Amino acid sequence: MKILLVYPQYPDTFWSLRHVLRVTSKKAAFPPLGLLTVSSMLPQEWEKKLVNMNAIPLTDKDIRWADYVFVSAMVVQRESVREVIRRCKKLNARMVAGGPLFTSEYEKFEEVDHLVLNEAETTLPPFLEDLGKGHPKHIYTSEERPDIGKTPLPMWSLLDIKKYTTMSLQYSRGCPFDCDFCDVGVLNGHKVRTKSTGQFLAELEALYNRGWRAGVFIVDDNFIANSRKLSEEILPAMIEWQKETNRPFSLSTQASINLADDDELMRLMVMAGFDSVFVGIETPNEESLAECNKRQNENRDLVASVKKIQNHGLQVQGGFILGFDNDPISIFKSQISMIQKSGIVVAMVGLLNAPRGTKLHQRLKKENRLLEKVSGDNTDCSMNFVPKMDRETLTNGYKHVLTEIYSPRQYYMRVKTFLRQYKPQKRKGISQLQWWHIWAFVRSMWFLGITDRGRWLYWRFLVSTLVRRPRSFPMSMTLAIYGFHFRTVVSMLVCDLRMQQPN
């Protein structure tokens, strides 16, 4: 049996990092971890080939080669998924599909031969059994939350790691919190399931043995959900492993803001090699936090919490949302102020959307406020419901927030604020330069120092960092390159919005 595993293309969004890749000469930011894991669940004797369309093109020859085409995707990849399906149908290729997009919208993909939904550890085995018997069904689904301690290692042999900036691993699934706009609970549940220490170290070892010596993103929706196990078992073991292997990886992940309440946990994470963490900040407005049941963020000084995390040596990347029912007209100014004061350089600001299955979706349906399908990209100015605030006011305010925080002057000011707060540990190994780091810096001088509208600010920032904070120079240049990507995406969005406005 020949299996082609296809990961569809991302549009040009905040997290696509497409313009960072232009500078670094890499093809994709992250590998398709789900498909790599699923490939390990398939019979060992089957032939397998991976096509990540963000890194290499999908050819008709690839499709004709396969007995089955396996596709996995997130909602934001919907447009590319449709194109993959069209091409497969044209060539009479049989398809198997799964992942968040198909799990949430399975009824919209009747043309797909077999839908293996929810978590593959539960639904893939019965599909394979029926396939072996010659009568596979159209849909396989289950509400069971499998023990991920039995999940196999991703099949890294299918991947050309040189095309990527960062690798990905998963330690846990699920989140104990119940934010009403978030579909993590719908997809992965609220009971946190974790891998064993030995299992997770084996995954790190597998990447190491493939020759990887750079960033690794732990994809968990809330890495610190089981903080006790982290502190007592996982992180101490990771610290020892990093020491024994000369610290080959710099690590990043996602966590809730209550990370700031645990000094020991932050200390251990930094010792284990973590240097950045994405945190859902959402909004400075207390009424909006209460509205969306973001209890972990309520009644705290969010800026102070961010600064504390960054003081411990963890760069905070933040998620922010506009469009809550309780947002006042002053929310745009408040969001800008909080982002600038906090020193959150990578600030993803999006409009609120209501994914299917969430409590927000259920409430808005009862209120008869739901509109078109959710795009999966909350930074493209789309909303799938009628907001309480005037739509034009909200859209214009959103545009103002983005253009302000990603203007070159504000952006470089925010980097400087961050660097004043950031106190990284001195570490060997992961700071070693590779050729593509040097090449990216050289190319950045063209993209940011010659062609970018903020080029004079870039040169001032570069010289200032070299003189005042030479140890922070590599991180400073990395953030400068990120700023180029964000400004490019924002300028495209603002241009699209202007074209949509009536004359």
Gain on full stretching of the segment that runs from VAL467 to TYR208 - 0.36 nm per residue minus C-alpha separation:
89.7 nm
Once the Cα gyration tensor of the range 102-178 is diagonalised, semi-axes √(5λ) in Å:
25, 19, 15
If the viscosity is 0.890 mPa s and the temperature 25 °C, what translational diffusion coefficient in µm²/s does Stokes-Einstein give for the chain when Rh comes from Kirkwood over Cα pairs?
103 µm²/s
Long-range amide H partners of TYR7 with built H, under 5 Å:
VAL51, ASN52, MET53
Normalised convex hull volume, the range 66-129, alpha-carbon set, Å³ per residue:
80 Å³
Tell me what the chain gives for mean residue ellipticity at 222 nm when only DSSP H runs of n ≥ 4 count, each as -39,500 (n - 2.57), the sum divided by the residue total, rounded to 500 deg cm²/dmol.
-12500 deg cm²/dmol
Dividing the mean separation of Cα pairs under 8 Å (6+ apart) by the residue count of the chain yields a relative contact order in percent of 13 percent
Antiparallel DSSP beta bridges within the chain, percent to nearest 5:
5 percent
Taking every alpha carbon pair in the range 2-140 and sorting the distances into 10 angstrom bins from 0 up to the bin holding the longest one, the percent per bin comes out as 11, 44, 34, 9, 1, 0
Within-12-Å neighbourhood charge of GLY454 [Cβ basis; K, R +1; D, E -1]:
+4
Label-point separation (nm) for ASP261 and LYS61, each offset 7 Å from Cα along Cα-to-Cβ?
5.8 nm
Skipping prolines and chain starts, which residues have an amide H placed within reach, meaning under 5 Å, of the one on ILE218, given they are 5 or more residues away or on another chain?
LEU169, SER252, THR253
Over 27 Å between Cα atoms, which of LYS137/LYS163; LYS108/LYS163; LYS89/LYS133; LYS373/LYS399 qualify?
LYS137/LYS163; LYS108/LYS163
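Bear in mind that the values in this text are calculations on the coordinates, not laboratory data. Computed from a prediction, not measured in an experiment: that's the story for all the values here. Cβ sites come from the backbone with ideal geometry, for glycine too, and all protein chains shown count toward neighbours.
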